[in-house]
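None of the figures in this text is laboratory data; all of them are computed from the coordinates on show. Bear in mind that the values here come from a model prediction, so they are computed numbers and not experimental data. For neighbour counting, all protein chains shown are included, and Cβ atoms are generated from backbone atoms with ideal geometry for every residue, glycine included.
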């Protein structure tokens, strides 16, 4: 664990830990005035790659987040996201740039155990804590009363990196502290849009941060422009319904489509439909595996050692025939990237248990 005070004093509670050595090196690197950051993409939708971001782009992102959530010196930033990726780096940089306190804990393992006796800091700063999680981390915290109490100390909680399923969204609505889904990528220096998930008036769509504009390209995919893109239009592979130049509804990735028996199936839409029907409490995803007859066969993958019966028959009653998975695969544990996202390709190549 590392604590950084408002005057930039660094206290490393685990000086021999390789991860925290890396965190301290990053803090000192940023404080040295480095002009370029090299950042690795997550690799969840393709091969991981290194991209470069200018200090000006990073500072533009910090300013957007500061204005959106009204962050200042009173804010306590808690970083339990890997410093290897942009989300973890930005949690650290926001604290440094706003002269705020920062607590960095390990992104692996149990959040509460990793906090240890520093839980008092979050209680002491109730209403000023800024937290960010991937859905899996959020799910674990919501399972315990202590975890829920920690979440309720927050000024704001960000949930990003992957979509939250219906079960998680239901639990999030019980949290008093404001929780937001985020939309962004490494190239946009984390989030450029947010969606409130709880409270009296949760959002039905994403709203762009200050200075952000959206439009569609010829393929009906989202294109983004703001200071983090250096005022240039950045094209994405995300299909959206554009509500206005500042708002959109996310449909799914244009490259998350399979061709099964001559039909193009959008896996994001099918996953949302399955989630609304089954209300699954375990992580899942759809995938297209090679098939001699269909070309690609639609399968449903569940992170569960318990073989659930009647899943396909239940879906057949409520979904179009061509959208129903041909097979259900069960995995003890999904493979994940270092940023916590499900690595679908590596998972599929592991050893599943079929429902057949």
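Averaging sequence separations of C-alpha pairs under 8 Å and six or more residues apart, then dividing by the length of the range 257-354, give the relative contact order as a whole percent.
Computed over the range 257-354, the figure is 22 percent.
Springs between alpha-carbon atoms under 10 Å, Gaussian network over the chain: tell me which of 52, 190, 75 tops the mean-square fluctuations.
Among 52, 190, 75, the largest GNM mean-square fluctuation belongs to 52.
Set the Förster radius R0 to 30 Å, insert the Cβ-Cβ distance between residue 196 and residue 316 as r into 1/(1 + (r/R0)^6), and round the FRET efficiency to 0.05.
Numbers: r = 35 Å, r/R0 = 1.18.
Working from the Cβ atoms, E equals 0.25.
Which of 275, 72, 291 has the fewest other C-beta atoms within 10 Å, and how do the rest follow up to the most? Mind dumping the intermediate values first?
Numbers: 275 18, 72 11, 291 15.
With the fewest neighbours first, 275, 72, 291 line up as 72, 291, 275.
What number in nm² do you get for the range 257-354 if you take the convex hull of its Cα atoms and divide its surface by four? Intermediate results must be reported in sequence, preceding the final value.
On the way: hull surface 24.9 nm².
Directional mean of the projected Cα hull area for the range 257-354 stands at 6.2 nm².
Quickly estimate the mean residue ellipticity at 222 nm for the chain, helices only: each DSSP H run with n ≥ 4 gives -39500 (n - 2.57), and the total goes over all residues, rounded to 500. Working shown, then result.
Values: 11 runs with 99 residues, N = 356.
For the chain, the value works out to -8000 deg cm²/dmol.
Using only the alpha carbons, work out the radius of gyration and Dmax of the range 41-147 in angstrom.
Radius of gyration, then largest Cα-Cα span, for the range 41-147: 14.8, 42 Å.
What is the extension gain from residue 204 to residue 121, computed as 0.36 nm multiplied by their sequence separation minus the C-alpha to C-alpha distance, in nm to one decimal?
Values: separation 83, 0.36 × 83 = 29.88 nm, distance 3.38 nm.
Full extension of this stretch gives 26.5 nm more.
Can you sort 79, 221, 286 by how many other beta carbons sit within 10 Å, fewest first? Can you show the working numbers first?
Values: 79 25, 221 17, 286 22.
Sorted ascending by nearby Cβ count, the order is 221, 286, 79.
Note down the nm distance, to one decimal, between modelled labels 7 Å out along Cα→Cβ at residue 335 and at residue 67.
4.2
Using a 7 Å offset from the Cα along the Cα-to-Cβ direction at both residue 29 and residue 264, what is the distance between the two label points in nm, to one decimal?
4.0
Do me a favour and compute the ellipsoid semi-axes for the chain from its Cα gyration tensor, root of five times each eigenvalue, largest one first, whole Å.
Taking √(5λ) for each Cα gyration eigenvalue gives 35, 24, 20 Å.
Between rounded, prolate and oblate, where does the range 143-212 land on the alpha carbon gyration tensor, with a ≥ b ≥ c its root eigenvalues, rounded for a/c under 1.5, else prolate if a/b exceeds b/c? Walk me through the numbers before you get to the answer.
Numbers: a/c = 1.86, a/b = 1.75, b/c = 1.07.
It comes out prolate by the Cα gyration axes.
Would you mind checking the tilt of helix 18-31 against the longest principal axis of the Cα atoms of the chain, expressed as 0 to 90 degrees and rounded to 10?
The two axes meet at around 60 degrees.
Restricting to the chain, compute how many DSSP beta bridges are antiparallel as a %, nearest 5. Could the numbers behind the result be given before it?
Values: 49 of 68 bridges.
Here the share of antiparallel DSSP bridges comes out near 70 percent.
What nm value, rounded to one decimal, do you get for the distance between residue 50 and residue 281 when each label is placed 7 Å out toward the C-beta?
4.5
Test of understanding: ordering 238, 203 by Cβ neighbours within 10 Å, fewest first, what list do you get?
On the way: 238 21, 203 15.
The order, fewest Cβ neighbours first, is 203, 238.
Between residue 15 and residue 237, what length in nm is gained on full extension when 0.36 nm per residue of separation is reduced by their alpha carbon distance?
On the way: separation 222, 0.36 × 222 = 79.92 nm, distance 4.17 nm.
75.7 nm is the gain from fully extending residue 15 to residue 237.
Suppose a student asked you for the relative contact order of the range 2-253, using Cα pairs under 8 Å spaced at least 6 residues apart; what percent would you report? Each step should come with its number before you reach the end.
On the way: 462 pairs, mean separation 34.5, N = 252.
Answer for the range 2-253 is 14 percent.
Would you mind checking the range 172-199 for residues with the amide N under 12 Å from a putative spin-label position 7 Å along Cα→C-beta of residue 219?
Output list for this probe position: empty.
Rg to Rh ratio, the range 114-231, alpha-carbon atoms and Kirkwood radius?
On the way: Rg = 15.9 Å, Rh = 15.6 Å.
For the range 114-231, the value is 1.02.
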